[in-house]
Amino acid sequence: MKVRKTKFSVSKKCYFRIQLEFENEGYKDIGETMFKFEVQQAVKNLCGEIGESFVDVLKYDPLFREAILVTCERFRVQLHGALTLFNCYENKRCAFRIHQISSNLMNLVSDSRRMGLPIKSV
Amino acid sequence: MVRQKNRYLLCEIIYIDGRRLHRNLQQRDIYHCVRNALAKEHGEYGVALALRSLSIQAYFHPNIVMIRVSRDAHKMLQSALFFIRKIGQYEAFFNTLHISGTIRTCQKFYVGYLRRELPKLLRECKTPEEEKEVKKAISSCVPVEVT
């Protein structure tokens, strides 16, 4: 009997698109370095120094405080948990909003939740 | 209900000052040291995973420690042990000798390990009385073939 085998490779990288939100719009300007430091602090609290080394910030947009993080597939769940539990930056309440998680960087290009249709009112 | 599986790590404490034994070292010092190292290297997640069954049994005479940890976290513990450079008030580090799934195999290895270590003690003897004691210990644990 002929057996057909299908192989698919799992990507070893995992990309997060996240946004830092503050209560009452407290902070406006956070540099790239400080943002990376905050992400590392969040991971360090939950997963320690070894966990900290798995995360990297690929791109950061200071206007919307949005960033793309990259991590390995194995560490995805822990990073998700660490970002969720983060709640304070310089005594100001804040939170990381995780918009998209993908194993391919190109998937983060489009986001259907942000699409706006050009509807003209008659 | 599924059985809780554990791993037992047999570790040797090596002091940097060259001494073989420090009698002031308590079992709880080692426990806190291991726990703090886990908290530093693997954070709250690592501590929570390991603390389900972390316990330490110290056989102090030859500075051997047996650490019990759950099977999921034993790799975390191993990597955290690597970074320990101070235990209690002494500068020391762990040298992992053996990892096993039961206490029985761990203790078997421990007995064999001590047998292999005895001839090394013979070299360190200074007085003839000490030499006599060590030779007596060696002859008591090696089976003698009757011809």
Restricting to region B:31-53, what's the tally of residues that are among the aromatic types (Phe, Trp, Tyr) and either within 14 Å of chain A (Cβ to nearest Cβ) or assigned to a strand (DSSP E or B) (or both)?
1
Residues located in region B:16-56, provided they are at pLDDT below 85 and surrounded by 13 or more Cβ atoms within 10 Å (Cβ to Cβ):
B:HIS22, B:LEU25
Among the residues that make up region B:87-106, is at least one of them under 23 Å from A:GLU49 (Cβ atoms), within 14 Å of another protein chain (Cβ to nearest Cβ) and of a type in the set (Gly, Ala, Ser)?
no
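Can you find a residue in region B:88-109 that is out of contact with any strand residue (DSSP E or B) (no Cβ under 9 Å at 6 or more places or on another chain) and at pLDDT below 80? Walk me through how you get there before you give the answer.
Residues of region B:88-109 that are out of contact with any strand residue (DSSP E or B) (no Cβ under 9 Å at 6 or more places or on another chain), as a first pass: B:88-89, B:104.
The next check asks that each one be at pLDDT below 80; those that pass are none.
Scanning region B:88-109 turns up no residue that is out of contact with any strand residue (DSSP E or B) (no Cβ under 9 Å at 6 or more places or on another chain) and at pLDDT below 80.
With the structure loaded, tell me whether A:LYS59 is within 18 Å of B:VAL47 (Cα to Cα) and basic (Lys, Arg) or whether it fails that test. Steps first, answer last, please.
Values: within 18 Å of B:VAL47 (Cα to Cα): no; basic (Lys, Arg): yes.
No: the conditions fail for A:LYS59.
Condition (residue is more than 14 Å from every other protein chain (Cβ to nearest Cβ), small (Gly, Ala, Ser) and either in a helix (DSSP H, G or I) or free of Cβ contacts under 8 Å to residues at least 60 places away in the same chain (or both)) applied to region B:16-30: is it met by at least one residue? Step through it out loud before you land on a result.
Quick first cut of region B:16-30, residues more than 14 Å from every other protein chain (Cβ to nearest Cβ) only: B:16-30.
Among the residues that remain, those that are also small (Gly, Ala, Ser) are: B:18.
From the residues that got through so far, the ones that are either in a helix (DSSP H, G or I) or free of Cβ contacts under 8 Å to residues at least 60 places away in the same chain (or both) too are B:18.
Yes, region B:16-30 contains at least one residue that is more than 14 Å from every other protein chain (Cβ to nearest Cβ), small (Gly, Ala, Ser) and either in a helix (DSSP H, G or I) or free of Cβ contacts under 8 Å to residues at least 60 places away in the same chain (or both).
Would a scan of region B:71-81 turn up a residue that is under 16 Å from B:CYS11 (Cα atoms) and more than 14 Å from chain A (Cβ to nearest Cβ)?
Yes, the conditions are met somewhere in region B:71-81.
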Considering only region A:31-60, how many residues are more than 14 Å from every other protein chain (Cβ to nearest Cβ) and out of contact with any strand residue (DSSP E or B) (no Cβ under 7 Å at 6 or more places or on another chain)?
4
Could you check, for region A:25-39, whether at least one of its residues is within 30 Å of B:LEU49 (Cβ to Cβ) and not in a helix (DSSP H, G or I)?
no
Just one of B:ILE87, B:ILE13, B:ILE64 is surrounded by 17 or more Cβ atoms within 10 Å (Cβ to Cβ) and out of contact with any Asp or Glu (no Cβ under 7 Å at 6 or more places or on another chain); which is it?
B:ILE13
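For A:LEU79, are the conditions met, namely being in a helix (DSSP H, G or I), within 14 Å of chain B (Cβ to nearest Cβ) and in contact with a strand residue (DSSP E or B) (Cβ under 7 Å, 6 or more places away or on another chain)?
Working: in a helix (DSSP H, G or I): yes; within 14 Å of chain B (Cβ to nearest Cβ): yes; in contact with a strand residue (DSSP E or B) (Cβ under 7 Å, 6 or more places away or on another chain): yes.
In short, yes.
Can you confirm whether A:VAL70 is closer than 13 Å to A:LYS13 by Cα, within 11 Å of the chain's Cα centre (by Cα) and within 14 Å of chain B (Cβ to nearest Cβ)?
Numbers: closer than 13 Å to A:LYS13 by Cα: yes; within 11 Å of the chain's Cα centre (by Cα): yes; within 14 Å of chain B (Cβ to nearest Cβ): no.
For A:VAL70, the condition - closer than 13 Å to A:LYS13 by Cα, within 11 Å of the chain's Cα centre (by Cα) and within 14 Å of chain B (Cβ to nearest Cβ) - is not met.
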So for region A:21-29 (the condition being loosely packed, with under 13 Cβ neighbours inside 10 Å and within 20 Å of B:GLY43 (Cβ to Cβ)), does at least one residue qualify?
no
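The values are calculated or read from the model by the stated rules, or taken from the named source; none is laboratory data. Just so you know, these numbers come straight off a predicted model, no measurement behind them. Using ideal geometry, Cβ is built from the backbone for each residue, glycine included, and neighbour counts are taken over all protein chains shown.
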